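Engineer: I'd like to ask you about the structure that follows.
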Amino acid sequence: QVRLVESGGGLVQAGGSLRLSCVASGINFRLYSVRWYRQAPGRQRELVAGITSLGSTNYTDSVKGRFTISRDNVRSTLYLLMNSLKPEDTAVYYCNTDAYGRSQWGKGTQVTVSS
């Protein structure tokens, strides 16, 4: 059974930083591409950043230069370092991977950025 557990969210002022973590179990983590998504109230879930098994990264335009995705394959953990946070970054952040023929999701962690 694949399990993804996010943590690290919270309330931060605009311009601040947070680091999100996602611990994976039930998969050989190093073999999988993994992604961070977010969903703000009343909006569709959107892809924030992704990292392949080889370490190649991609970001949505709105977070480029502010967010950094990384992974620790020894700890089976995905990270998202978020700097220069803006109120529009407020959302629930989800960890995601595709494994065993389906899209796997964590329960999410809330990030709230106050102005």
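Engineer: For the chain, evaluate the Debye formula with one uniform point scatterer on each Cα (no solvent term) and list log10 I(q)/I(0) at q = 0.10, 0.16, 0.17 Å⁻¹, rounded to two decimals.
Structural biologist: The Cα Debye sum returns log10 ratios of -0.26, -0.67, -0.75.
Engineer: Using Cα-Cα distances under 8 Å and only pairs 6 or more residues apart, what relative contact order does region 4-69 have, in percent?
Structural biologist: 20 percent
Engineer: How much area per residue is accessible in region 18-104 when the probe is 1.4 Å and only protein heavy atoms are counted (Å²)?
Structural biologist: Numbers: 4510 Å² over 87 residues.
Roughly 52 Å² per residue, with all protein chains present.
Engineer: Where does the longest stretch of the chain lie that holds no trypsin sites (Lys or Arg not before Pro) found in a DSSP loop with 13 or fewer other Cβ atoms within 10 Å?
Structural biologist: It runs 1-42.
Engineer: Right, here's the next one. Would you work out what percent of the accessible area of region 36-115, with all protein chains in place, is carbon or sulfur (probe 1.4 Å)?
Structural biologist: Carbon plus sulfur share of accessible area: 47 percent.
Engineer: Here is a follow-up. For Asp61 and Gln1, what does the FRET efficiency come to when R0 = 35 Å and r is the distance between their Cβ atoms, rounded to the nearest 0.05? Don't skip to the answer; put the middle values down first.
Structural biologist: Working: r = 35 Å, r/R0 = 1.00.
Efficiency for this residue pair is about 0.50.
Engineer: Turning to a different aspect of this structure: Report the charge-dipole magnitude of the chain in Debye, nearest 20, computed about the Cα centre from +1 at each Lys and Arg Cβ and -1 at each Asp and Glu Cβ.
Structural biologist: I would put it at about 160 debye.
Engineer: Show the residues, 5+ positions off or on another chain, whose built amide H is closer than 5 Å to the amide H of Gln104.
Structural biologist: Answer set, sorted by chain and number: Thr97, Asp98, Ala99.
Engineer: Right, something else. For the pair Arg75 and Gln13, what calculated FRET efficiency results from E = 1/(1 + (r/R0)^6), where r is the Cβ-Cβ distance and R0 = 30 Å, to the nearest 0.05?
Structural biologist: That pair, Gln13 with Arg75, gives E of 0.55.
Engineer: Could you estimate the translational diffusion coefficient of region 44-107 from the Stokes-Einstein equation, with Rh from the Kirkwood formula over C-alpha pairs, at 10 °C and 1.306 mPa s, in whole µm²/s?
Structural biologist: The Stokes-Einstein estimate is 122 µm²/s.
The values are calculated or read from the model by the stated rules, or taken from the named source; none is laboratory data. Nothing here was measured: the structure is a model prediction, and the numbers come from that model. Quick reminder, even Gly has a Cβ in these numbers, built from the backbone with ideal geometry, and neighbours come from all protein chains shown. For the accessible areas, the whole protein counts, side chains as well, though only heavy atoms, and no ligand, DNA or RNA atoms are used. Shrake-Rupley method; radii C 1.70, N 1.55, O 1.52, S 1.80 Å.
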